Amino acid sequence: MTRKRWAALILVVTLLLTTFSVTGCGKAAAPKVIKIAVAGPMQFIQGQHHWLGAQMAAEEINKAGGVTVGNKKYNIELVQVDTNELLSVDDAASAVEKAITVNKVNAIIGTIRSEASMAIQEVAMDNKTIMMVCGASLPQMAEKVGKDYNRYKYWFRVTPVNATYLVKASMLLLNHVGGVFRKELGIQKPKVAAIIEKAVAGDPLAAAAAKLIPTFGMEFVGVWRPSPTATDLTAELTAIRKAGAQIIYTYFSATAGVPYAKQWGELQIPAASVGINVEAQAKGFMQATGNKGNYEYTLNTYAPVQITPKTLPFYEEFTKRAGQFPTYNAGTYDAIYIYKEAIERAKSLDPEAVVPELEKTNYLSAAGKIVFNKNHDVTWGPGYVTALGTQWQDGKLVAVWPNGWEGITYPGTVDYKLPPWVVSQWKKK
Amino acid sequence: MNPRRLYRRFASEVLVLPGRTTVLAVCLVLLILPLFHRHPYTLRVLSLTFIFAIFAASWDLLSGFVGQLSLGHAIFFGVAAYTSALLNLQAGLPPLVTIPAGALVAVLMGLVVGIPCLRLKGQYLSLATMGFPIILTGLVYLFSDLTGGELGVSGLARLGPTRLSEYYIALVLVLGLGLIMWKITDSKVGLVFHAIREDEITARASGINTPLYKLLAFCLSGFFAGISGGLYSHFMRVAGPSTLSVLTSFQPVIWTIFGGVASIYGAIAGTFVLYPLMEFLRVAPELRTLIFAALVVLVLRFMPEGLTPWFIDRVESECPRCKEHNAVTRRTCRVCGAPLGRPSAPGAGPFQPGKGGRVAG
């Protein structure tokens, strides 16, 4: 090759490189991104639901053109943060600090374990980063916002309603069953036994059950406290049968909920079961109980019912993708939309501008209307997020509450069914 | 002292041995690191590393030196974390007061654990020590109004006003307390600790009040673990049931065995390697624990006595006459002048009680 040809070749290559570098290698400039950290124990179902919920929202938003902040367009980029929080608190806090300071995320959503969530809250507040909880339910985190607003104002809870309201809602389910007993069986003062797992969260519940149940016009016959991981509850169930209970108020947050429901069905304990049984929220519950868990009635967040127009599309898409029903951790789906709307209203990504807009949130989510109270906690009650009562009927999970409570009945809600063996035991001949 | 004599002494004590020179170099790097790199995440990981290194060294003091295998070391860590947290929140005391106070309560806990365990040995002692954090966790849940139950207590005062100050507080403490623990094990008390571990009956027959020394070991170990617990609670600004968990009890065991038992610096080195490694492995979150475990097993397969003895065996050799250590490059002993010959085979050198392991010279 002659020297002239070499020079021409070098010139062409240089020109091409210059052109590509100016135009970004021939492609259009990539849109800017808003980074959101999805923080949760990603090796566990809670974290997986955090991630999938957020992923669905981010995909929908990006597909619809992204987020408009002022006159700029952004796409949402999710950063998966495996907090390992069920095992290690310092691990969780370090993971989130990395997301904030290395990945430069604009907001954090997720977290489940209360102790770790508190540590993460401190890290997020130190860095003045918006944190939206979709998992931890204890009210103390929200109380901090009220006590020291300037430091904790960046914290919000999207799901679930806090533990105080969870107890209230579960008592409403009990009242619901009490009403069915009065109406269908003519028993004016049904006898209620409480079976509450021996865990910290259960302690105040056990005390409250003894105090509150008589005020509902029911007779309280006693409380039983099995281990949260018990595999045999025959002794408790037999004692409850002997006590003459007609309703069992339950609180199971762990695995004991499965053997409980299985043995309750097998032994045909003549008492309707209602309350909180987290295992009964899972898609595999009927299989796990050998189809004996039919008629189990539990507090829940999502069900195939139209709480809002968004509920069913979300529920169906999530179930299709995950092969599981969404748990309250999947509320990251709504958290992303809430954050998007707040930054669009604020026309800024600056947390100081976004917080006042988040405080004004009035968002129709898949779980109900989300409005934050003065402590930035999700509001519970009629017209807001109410939670649901779901029952297994003929192998399907259906919503049975609210069914007329405070005038609320979500389309798709069906009537609660008493177990047939309970009816045959107590129906006045 | 004359600066020239001081330097000569420093050179003859430290610079002549590659092991000690390495320790010095690591300390200097850590001290000047923030001048070049002060990213908050890096400083956070390193600060936690320093805090846990104190914890691991405290376990080594009790289990490595005295042979009292504690599988419930979280009791000291957790009780101090809660004490510091509650004193800070309820009485408004600053970390400067709450951390030593927490450590003193951990010393008392050392007596509470030590006295009933005096007659126990081996696996029975390990099982008994394992029970104490479980009991305390039960109490934490029982008195949840005070302890916050499963949520713990949070919103504590920061360890220092900035991340940089927290880094230096933790660094100075790990170096200072590490040195104190090493000096304890290098003293006459340390010699007694070794004697108890090697043969308690012979030690008693020699007139040593072994129960007293074992209690002393529990209290000393409790004190240092307590300092780390207090530091942890103020650094994290949370003290919860996880500080008493089985994982918290097992972590110092892994770090110390990896670094090298019965040396103090081995426990510190093990933590310095493994804690940041676990952070680095976040690049593969789903394989993180698997890779970590595989690496630990592989390293211990080829370094059965741990990382620091393996390293020292390669850079130092032992004089066959006076047993003093020399740089592996020397042909004659720096103390007695005896010919050194070839360096001893890795892991073959005899253990030196009372001299802080093989590095002592």
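The values are calculated or read from the model by the stated rules, or taken from the named source; none is laboratory data. This is a predicted model, so every value here is computed, not measured. Here the Cβ positions follow ideal geometry from the backbone for every residue, glycine too, while neighbour counts run over all protein chains shown. Heads up: the accessible areas ignore ligands, DNA and RNA and are worked out on the full protein's heavy atoms, side chains in. Shrake-Rupley method; radii C 1.70, N 1.55, O 1.52, S 1.80 Å.
Volume per residue for chain A equals 170 cubic angstrom (convex hull of Cα atoms). Under 17 Å of direct C-alpha separation, and excluding same-chain neighbours fewer than eight residues apart, A:Lys374 reaches these lysines: A:Lys144, A:Lys147, A:Lys153, A:Lys360. Taken over the alpha carbons of the protein assembly as shown as equal point scatterers, the Debye sum produces base-10 log I(q)/I(0) values at 0.05, 0.07, 0.08, 0.11 Å⁻¹ of -0.34, -0.63, -0.79, -1.20. For the pair A:Thr379 and A:Trp405 in one chain, pulling the backbone fully straight at 0.36 nm per residue adds 7.7 nm over the alpha carbon distance. Applying the Karplus relation 6.51 cos²θ - 1.76 cosθ + 1.60 with θ = phi - 60° to segment A:364-379 yields 3J(HN,Hα) values of 7, 9, 5, 9, x, 7, 9, 10, 8, 7, 5, 9, 6, 9, 5, 7 Hz, where x marks Gly and Pro.
When the protein assembly as shown is described by a simple charge dipole with +1 on each Lys and Arg Cβ and -1 on each Asp and Glu Cβ, the residue from B:His325, B:Ala128, A:Asn291 located farthest towards its positive end is B:His325. When chain A is treated as a Gaussian network with alpha carbon springs shorter than 10 Å, the biggest mean-square fluctuation among A:Thr327, A:Thr319, A:Thr83 belongs to A:Thr319.
Peptides B:298-305, B:208-215, ordered by how many other C-beta atoms sit within 10 Å of their residues on average, highest first, read B:208-215, B:298-305. Label positions at B:Ile180 and B:Ala205, each projected 7 Å from the Cα along the C-beta direction, are separated by 3.7 nm. Summing Lys and Arg as +1 and Asp and Glu as -1 over all other residues whose Cβ lies under 10 Å from the Cβ of A:Val158 gives a net charge of -1.
The overall shape of segment B:72-197 is oblate: from the C-alpha gyration tensor, with semi-axes ordered a ≥ b ≥ c, the ratio a/c is 1.5 or greater and a/b is no larger than b/c.
Estimated purely from DSSP H runs of n ≥ 4, each contributing -39500 (n - 2.57), the mean residue ellipticity at 222 nm for chain B is -21500 deg cm²/dmol once divided by its residues. Take the Cα of B:Glu198, step 7 Å toward its Cβ, do the same at B:Ile32, and the gap between the two points is 4.1 nm.
For chain A, adding -39500 (n - 2.57) for each run of n ≥ 4 DSSP H residues and dividing by the number of residues yields -12500 deg cm²/dmol at 222 nm.
Mean per-residue shielding of peptide A:81-89 is 4, counting Cβ atoms of other chains within 10 Å of each Cβ.
Please express the shape of segment A:312-394 as an equivalent ellipsoid: the semi-axes are the square roots of 5 times the eigenvalues of the C-alpha gyration tensor, given largest first in whole angstrom.
28, 16, 9
Separation of the alpha carbons by more than 19 angstrom is noted, of A:Lys262/A:Lys396; A:Lys35/A:Lys73; A:Lys98/A:Lys340; A:Lys35/A:Lys128; A:Lys347/A:Lys369; A:Lys168/A:Lys283, for A:Lys98/A:Lys340; A:Lys347/A:Lys369; A:Lys168/A:Lys283. Packing here is the average count of other Cβ atoms within 10 Å per residue, and on that basis the peptides A:391-404, A:46-59, A:112-125, highest first, run A:112-125, A:46-59, A:391-404. The calculated P(r) of chain B, using every Cα pair and 10 Å bins from 0, goes 5, 23, 32, 26, 11, 3, 0 in percent.
Computed 3J(HN,Hα) for segment A:179-195, one whole-Hz value per residue from the Karplus formula 6.51 cos²θ - 1.76 cosθ + 1.60 where θ = phi - 60°, is x, 5, 4, 5, 6, 8, 10, x, 8, 6, 10, x, 8, 10, 10, 10, 10, glycine and proline marked x.
Where Rh is the Kirkwood radius over the Cα pairs of segment B:155-204, the temperature 10 °C and the viscosity 1.306 mPa s, what D in µm²/s does Stokes-Einstein return?
The Stokes-Einstein estimate is 118 µm²/s.
List the lysines whose Cα sits under 19 Å from the Cα of B:Lys121, skipping any in the same chain fewer than 8 residues away. By straight Cα distance, B:Lys121 reaches B:Lys214.
Annotation: amide H of A:Ile34 within the under-5 Å range of A:Asn75, A:Ile76, A:Glu77, sequence separation 5 or more or interchain, hydrogens built in the peptide plane.
What residues from segment B:114-134 fall in the zone where the backbone N is under 20 Å from a label point 7 Å along the Cα-to-C-beta line of A:Ala254? Zone members listed by number: B:130-134. The GNM of chain B, with springs linking C-alpha atoms under 10 angstrom apart, assigns the highest mean-square fluctuation among B:Gly260, B:Gly110, B:Gly131 to B:Gly131. Residues whose amide H lies under 5 Å from that of A:Trp380, counting only those 5 or more places away or on a different chain, are absent; hydrogens are built 1.01 Å from N in the peptide plane.
Between the beta carbons of B:Leu93 and A:Ala207, assuming R0 = 30 Å, the FRET efficiency works out to 0.35 to the nearest 0.05.
Note on A:Lys183: lysines with a C-alpha under 22 Å away, same-chain residues under 8 apart excluded, are A:Lys191, A:Lys417, A:Lys427, A:Lys428, A:Lys429. Legend: residues A:Asp377, B:Asp186, sorted from most to least accessible area (1.4 Å probe; ligands, DNA and RNA excluded), read B:Asp186, A:Asp377. Would you mind checking the tilt of helix A:332-346 against the longest principal axis of the Cα atoms of chain A, expressed as 0 to 90 degrees and rounded to 10? Between the helix axis and the principal axis of chain A, the angle is about 50 degrees. Extension gain, B:Leu146 to B:Leu118: 0.36 nm times the residue separation minus the Cα-Cα distance gives 6.9 nm.
With 5 Å bins beginning at zero, the pair-distance distribution over Cα atoms of segment A:79-122 amounts to 6, 26, 39, 22, 7, 0 %.
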